[in-house]
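Data block below; observations after.
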Amino acid sequence: MNRAALRRAARAEWGPLLGALYEALARRKLRAIPMTLAAVLLTSVFQIIQNQPWGFEPVQRIGSVQARLPWWLALLRTPLSLFVPALDLPIWGALAQLLVAFGIAEICLGRRRTLAIAYLATLAGTMYARLAVHIGPDSAFGLPAHAAKVVDTGPSAAVVGIAVYVTWRYRAWFTCVVLIAAMSAEALIKPNLAGKEHLAAIAALLVVCVLDEVRRRRKPRDPYRSPGPLPGGRPRDDGGRGRSAERRSRPPHAPARPPASYGFGPGERLPLPDACGQGSGAPATRS
């Protein structure tokens, strides 16, 4: 494959995603990712506190999740467990994951959807850990009993889930397949709790992607609706054509727009002509 073909393949794979990122960062710079910066700051604060002699126990009590904990306590700790760095991994890795994955998702998906996907992936991993310990080590999907004591914190499952959803949403199919293959190979080579939780997060997000795809294809399209914004939230420019552009974009077989009707609701005014030919704005009354 020559260079031109590689450039075309790379442009098709990452062009829409990189275009959205470049536009948002060029216009707003760091203001485009306030939630990501807050997540990085919160993770740094937790790291500093848990390394203090007095701070390890409080951080574990509010953000440490284990499969042996009661359900209600694990669910209460899950939101903050995403921002508590894992004890056996370097802090720079967790901060880099948050900055890259959360930053891309916040720009491309928005804050609410990014948080929803992150917590869904983390919750899927937490639920899988309990189920795997219950199944036992005899099954390929199970885990030994001592896995219930493993402290399960960190953003890795959320980062994997976000990466799968973003690559699917932006049609970066090759990147999505490579990511899933890499996580599967990791779980096969090192079958520990973290690797299998990553697969659980991927499975949960693939279900979400399929449901989202079905919903988008079944959703009826309004023939009068103007095209949506471009990637990155930039509104489309109709070149100053106004309503004429909307009329030209309407398909020829679409019915004419129905006339406005007045429901004589409370406070509604009818466009009655006055002596000058303009609407008098007389209050509407019911007969």
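Bear in mind that the values in this text are calculations on the coordinates, not laboratory data. In this text, all values refer to a predicted model and were calculated from it rather than measured experimentally. Counting neighbours? That spans all protein chains shown, and the Cβs are built from the backbone with ideal geometry, glycine included.
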Specify whether the C-alpha gyration tensor of region 69-186 places it in the rounded, prolate or oblate class, a ≥ b ≥ c being the square roots of the eigenvalues: rounded for a/c under 1.5, otherwise prolate if a/b is larger than b/c and oblate if not. prolate
Restricting attention to region 165-215, which trypsin sites (Lys or Arg not before Pro) occupy a DSSP loop and are surrounded by at most 14 other Cβ atoms within 10 Å? Arg171
Express the relative contact order of region 120-206 as a whole percentage, based on alpha carbon pairs under 8 Å and six or more residues apart in sequence. 41 percent
Taking a ≥ b ≥ c as the square roots of the eigenvalues of the Cα gyration tensor, with a/c under 1.5 meaning rounded and otherwise prolate when a/b exceeds b/c and oblate if not, region 85-128 is oblate
Using only Cα atoms, what is the ratio of the radius of gyration of region 38-129 to 2.2 N^0.38 Å? 1.10
Given the candidates Leu17, Thr43, Trp72, the one whose Cα lies deepest towards the positive end of the charge dipole of region 1-126, counting +1 at each Lys or Arg C-beta and -1 at each Asp or Glu C-beta, is Leu17
Which cross-chain or sequence-distant (5 or more) residues have an amide H under 5 Å from the amide H of Val65, H modelled 1.01 Å from N in plane? Asp152
Where the centroid of each part is defined by its Cα atoms, how far is region 3-39 from region 161-216 in Å? 20 Å
